[in-house]
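Down below is the structure, laid out as structure tokens.
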Amino acid sequence: MIFSREGMPRLEAVEQELLTVERENAELEREIELLRARVTRLRDDPAAVERLARDELGLIRQSEVVFQFPE
């Protein structure tokens, strides 16, 4: 591969692709860690579950009344 005419340019392209994939992999590993921390928080903290239900799902308690005002 290196001894052909396209050898060195191809090698450099493959090395660049490897660097790109390694960066993407590191970014995905960070995202996985954040998601694991979120799962742990939701598993261990009932208040975190309530916040999620209220903020992201719009749920309320049975005794609550929601007032919506036009913007």
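Here, each number is a calculation from the coordinates, and none is a lab measurement. On a predicted model such as this, the values are computed, not experimentally measured, just so you know. Every residue, glycine as well, gets a Cβ built from its backbone with ideal geometry; the counts of neighbours run over all protein chains shown.
For the chain, run through the trypsin sites (Lys or Arg not before Pro) and keep only the ones in DSSP coil with at most 10 other Cβ atoms within 10 Å of their Cβ. Listed in order of number, the matching sites are ARG5, ARG61.
Residue-wise HN-Hα couplings along region 17-32, as the Karplus relation 6.51 cos²θ - 1.76 cosθ + 1.60 with θ = phi - 60° gives them from phi, are 5, 4, 4, 4, 5, 5, 5, 4, 4, 4, 5, 5, 5, 5, 5, 4 Hz; Gly and Pro carry x.
The long axis of helix 46-57 is offset from the longest Cα principal axis of the chain by roughly 80 degrees.
Once the Cα-Cα distance is subtracted from the 0.36 nm per residue extended length, the GLN68 to LEU52 segment shows a gain of 3.8 nm. Remark: region 8-16, residue by residue, has Karplus-estimated 3J(HN,Hα) of 5, x, 5, 4, 5, 5, 5, 5, 5 Hz, where x stands for each Gly or Pro and the curve is 6.51 cos²θ - 1.76 cosθ + 1.60 at θ = phi - 60°. Ignoring everything except DSSP H segments at least 4 long, calculate the 222 nm mean residue ellipticity for the chain; use -39,500 (n - 2.57) per segment, divide by total residues, nearest 500. Value at 222 nm, helices only: -25000 deg cm²/dmol. For the chain, a Gaussian network of Cα nodes joined below 10 Å ranks LEU59, LEU34, LEU42 by mean-square fluctuation, and the top entry is LEU59. Note on region 12-71: with charges restricted to the Cβ of Lys and Arg (+1) and Asp and Glu (-1), its dipole about the Cα centre is near 620 debye. Each Cα pair of the chain feeds into the Kirkwood radius, which the Stokes-Einstein equation turns, at 20 °C and 1.002 mPa s, into a diffusion coefficient of 126 µm²/s. One chain, two ends: LEU19 and THR40. Fully extended at 0.36 nm per residue, the span grows by 4.4 nm beyond their Cα-Cα distance.
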